[in-house]
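Single-structure report; data block below.
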Amino acid sequence: MTCTSERSAARPGDEQGGGSGKSRRTFFARGATLGLGIAAVGGVVGGSVADAAPVLPQPPQFDSATSVYNLKGANTRRTRAALALARLGAGVARIGFLGDSVTAGTGTTRGTSDPVTLLRQQFARAKFRTGELVHLYSAAPEPRVTYAGTWADQSINVPWRRGQAGATLTFSGVGRYLELVVSNESVTGFTTAIDGGAPVSHTTTGALTYKTMTLDAGTDGAHTLVLKLAGNSFVYGVGIRHADGVVVENAGISGAATANFLASFGSANVMSAASYFDVDTFLVELGANDMYQAVPVATYKTNLLAIVDKCLASGANVVLVATHTPAGNSGWPPYLAAQYEIADLRDLPLLDLTDRMGWLGTAGDFDGTPYDLAVPDGKHLTAVGNSVKAMAWLDVLGPIGTGTQP
């Protein structure tokens with residue numbers, strides 16, 4: 001279905017804020033819309049030319065009420081079917097998020113106020129049972145996992161944690177089924193123990209491939225998993241879920257550009273991880289770091305298309321997410337336009353957060369009011385900004401209602 005509603009000149013959210021005397025923007029752009037094509041810079045937000053948003057024409061398939069382009073039943077069928085089964089308590093809907101620091105939640109707390117956690121909370125409020133595969137690469141610190149022994153992040157191209165022989169990690173969560181992704185690198189294997197029980201040994205092959213495991217804790221409830229390495233090995237993620245419901249994975253990598261998601265290191269890169277647990281829907285939010293690194297737009301488009309195609313090849317639905325406009329940088333429109341072109345090439349829905357959230361401007365936009373969407377660097381989002389993003393994601397994933405699950 002296509003919606004072609006018109007944008008009014010003034011909308012709720014464009015208001016004076018905080019008694020500061022300056023023009024404040026809450027959730028929406030003022031006098032500027034970004035879509036296909038590139039036009040001259042125009043309009044002023046926050047009273048300075050540096051904060052001016054490029055004005056681009058909207059394509060006819062753009063829903064200005066939600067800032068979503070090309071959303072159809074045909075390109076979200078698996079998403080909707082998986083969520084319907086989860087709603088009935090008859091299946092698991094898996095949603096994976098590939099992105100950079102604004103997906104990871106840099107500037108907020110993982111597991112509390114990052115955008116994926118806030119989306120998970122929305123599902124929980126709607127009575128879905130929820131779980132998460134927690135990504136361990138700690139460029140964004142992960143407080144839900146504790147470590148003992150020697151551990152280190154591998155690299156931005158190989159976003160796993162690497163532990164030395166004898167190292168342990170401990171993870172706690174609520175559900176029944178504990179999930180684990182480790183590499184087969186060590187020939188000596190590892191052990192797992194649930195809720196203080198006897199350690200169980202697991203073998204590995206010595207090959208640089210991954211091992212996916214689901215461990216049944218026996219009952220639904222709070223559980224703790226302890227993993228101990230017998231030899232040096234990589235660990236990608238650990239999590240817990242129920243027998244049904246929504247399971248999310250935040251694979252946002254701070255500093256990542258599209259090339260990092262395509263970098264190859266055996267089966268240990270995040271694109272290989274995309275297929276670990278049969279994901280139903282991928283939301284892909286990449287581009288800001290390509291712009292900051294001056295990656296040619298043509299190269300960016302080629303890389304992003306390759307990422308999309310890898311996700312589509314797994315059978316998942318894919319949603320492109322155009323990030324909020326990076327602060328103070330008018331170089332963003334060509335990268336945004338490339339995302340719209342890929343949405344057309346692969347018939348994908350696209351959530352345009354540049355339109356939804358507006359031109360966040362510079363660090364001077366931050367004054368500590370509850371309406372601030374960005375932290376002082378003008379790039380990363382506050383908990384409020386992450387909440388706005390989570391609600392925007394729901395506009396693509398579909399209405400989740402009030403639910404019937406306990």
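Can you pull out every residue in the range 309-325 that is surrounded by 22 or more Cβ atoms within 10 Å (Cβ to Cβ) and out of contact with any Phe, Trp or Tyr (no Cβ under 6 Å at 6 or more places or on another chain)?
Filtering the range 309-325 for residues surrounded by 22 or more Cβ atoms within 10 Å (Cβ to Cβ) gives 311, 316-325.
Hits for the range 309-325 are N317, V319, L320, V321, A322, T323, H324.
Can you tell which of A243, A263 is closer than 24 Å to A82 by Cβ, surrounded by fewer than 23 Cβ atoms within 10 Å (Cβ to Cβ), touching a residue at least 12 places away in the same chain (Cβ under 8 Å) and not aromatic (F, W, Y)?
Residue meeting the stated conditions: A243.
Just a yes or no: is a residue in the range 347-363 surrounded by fewer than 23 Cβ atoms within 10 Å (Cβ to Cβ), at pLDDT below 80 and not in a loop (DSSP other than H, G, I, E, B)?
Yes, because at least one residue in the range 347-363 is surrounded by fewer than 23 Cβ atoms within 10 Å (Cβ to Cβ), at pLDDT below 80 and not in a loop (DSSP other than H, G, I, E, B).
Look through Y147, Y137 and report the one residue that is part of a loop (DSSP other than H, G, I, E, B) and aromatic (F, W, Y).
Y137
Would you be able to tell me the number of residues in the range 192-213 that are of a type in the set (A, V, I, L, M, F, W, C) and in a strand (DSSP E or B)?
4
For the range 154-191, which residues satisfy the criterion of being modelled with pLDDT under 85 and in a strand (DSSP E or B)?
Result: S183, single match.
When the range 297-325 is examined, which residues are found to be modelled with pLDDT under 90, in contact with a Gly (Cβ under 8 Å, 6 or more places away or on another chain) and assigned to a loop (DSSP other than H, G, I, E, B)?
H324
Please find, among A74, A84, A65, A126, the residue that is out of contact with any Lys or Arg (no Cβ under 6 Å at 6 or more places or on another chain), without any contact (Cβ under 8 Å) to a residue 12 or more places away in the chain, surrounded by fewer than 24 Cβ atoms within 10 Å (Cβ to Cβ) and among the hydrophobic types (A, V, I, L, M, F, W, C).
On inspection, the qualifying residue turns out to be A84.
Is there a residue in the range 126-142 that is at pLDDT below 95 and touching a Phe, Trp or Tyr at 6+ places or on another chain (Cβ under 6 Å)?
Looking for residues that are at pLDDT below 95 and touching a Phe, Trp or Tyr at 6+ places or on another chain (Cβ under 6 Å), one finds none in the range 126-142, hence no.
Checking the conditions here, which among A104, A152 is over 12 Å from G252 (Cα atoms) and among the small types (G, A, S)?
Matching residue, one of A104, A152: A152.
Does the range 342-359 hold any residues that are of a type in the set (D, E) and in contact with a helix residue (DSSP H, G or I) (Cβ under 9 Å, 6 or more places away or on another chain), and which are they?
D352
Quick check: anything in the range 152-165 of a type in the set (A, V, I, L, M), surrounded by 14 or more Cβ atoms within 10 Å (Cβ to Cβ) and more than 25 Å from the chain's Cα centre (by Cα)? Break it down into steps so the answer makes sense when it comes.
Of the residues in the range 152-165, the ones of a type in the set (A, V, I, L, M) are 152, 156, 158, 165.
Restricting the remaining residues to those that are surrounded by 14 or more Cβ atoms within 10 Å (Cβ to Cβ) gives 156, 158, 165.
With more than 25 Å from the chain's Cα centre (by Cα) added as a condition, the list becomes 165.
The answer is yes, given that some residue of the range 152-165 is of a type in the set (A, V, I, L, M), surrounded by 14 or more Cβ atoms within 10 Å (Cβ to Cβ) and more than 25 Å from the chain's Cα centre (by Cα).
Looking at S183, S113, can you tell me which residue is in contact with a Ser or Thr (Cβ under 9 Å, 6 or more places away or on another chain), crowded, with 22+ Cβ neighbours inside 10 Å and of a type in the set (S, T, Y)?
It is S183.
Pick out the one residue from G131, G96 that is crowded, with 22+ Cβ neighbours inside 10 Å and within 19 Å of L286 (Cβ to Cβ).
G96
The values are calculated or read from the model by the stated rules, or taken from the named source; none is laboratory data. As the structure is a prediction and not an experimental result, all values here were calculated from the model. Quick reminder, even Gly has a Cβ in these numbers, built from the backbone with ideal geometry, and neighbours come from all protein chains shown.
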